[in-house]
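Taken together, the values in this text are just the output of simple stated rules run on the coordinates, not laboratory data. Predicted model only: the values in this text are computed from it and were never measured. Because the Cβ atoms are built from the backbone with ideal geometry, glycine has one as well, and the counts that use them run over all protein chains shown.
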Amino acid sequence: MATFFGEVVVAPSRAGVDDDEEAREETPEDREIRMELEKKREIDILWTLKSGASTESSADEPFVCSKFIVAIGRNAAAFLSSYILDSVCWEVVGVVKLWNEWCRTSSTTNVLPTDSFCLFYRLISDPTVLLCQCSCYVAEDQQFQWLEKVFGCMQKEGLQVTILSTCPVADYKTQESTLTLPSPFLKALKTKEFKDQVCCPLLEQPNIVRDLPAAVLSYCQVWQIPAVLYQCYTDVIKLDTVTIEAFKPLLSSKILKSLVKDVSESTKILKKLLTTNEIHNNIYI
């Protein structure tokens, strides 16, 4: 490194520095604070899978699950609320309690579209079909806990997973200008074991997925579980009708087409979700 012609300045280096100087020894107080934070960041799942009895963190024994649908993010969760979920055919069987710098969830199941929550539902007519709405942020150091505690309760044999998520269109890597892309749009990424037809084009290299959607798909790849991730690239970060409806091609997929409810009812619920969201946001303007 030179500051002017002819003078060479050696860049500072930490090589050879004693470990004792590099890191201060942890005091009992520091250790106590660290352990308290680790405990606070633990994820708990409250399951009510057996005759209304509640059990924390795991079910008594792994239950049979043939289809597991995971919606991550508010728009993906709203899509399931609008087109799949209803109180007649589905029942709440689990709730995630977590805390991190970005959000805090509780054990309540009465939530608004603007709340941070993670709920599990079971199809009453076929208890092997499980659905998860996760609108809360799961931090990087909490993702492994989430995976272990959720998938640890399921028998992996015969399981098929579908993941829905959204991300900014600015994250999409292409030779074209992102301004010319017809946002929102869907891309798919699947595990080697997933053999069904996908409902949209596959995600091209060098694009990658991040956070909990990537963690779920990677977990399925490692455990050889057939899984597909449908990622919606959008330029709107809030709850949005166009982004929600971008997932509609999935309604014809093999795993979802038998779960779709009445379309007219879906439209009403979608409008109600957006109205509730607008009212809640206007309170804080």
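Pairs exceeding a 26 Å alpha-carbon distance, out of Lys67/Lys192; Lys97/Lys187; Lys67/Lys195; Lys97/Lys192; Lys39/Lys190; Lys40/Lys156: Lys97/Lys187; Lys97/Lys192; Lys39/Lys190; Lys40/Lys156. Computed across region 178-263, the Kirkwood radius stands at 14.2 Å (inverse of mean 1/r, all Cα pairs). Counting charges near Ser66 (Lys, Arg +1; Asp, Glu -1) among other residues having Cβ under 14 Å from its Cβ returns a value of +1.
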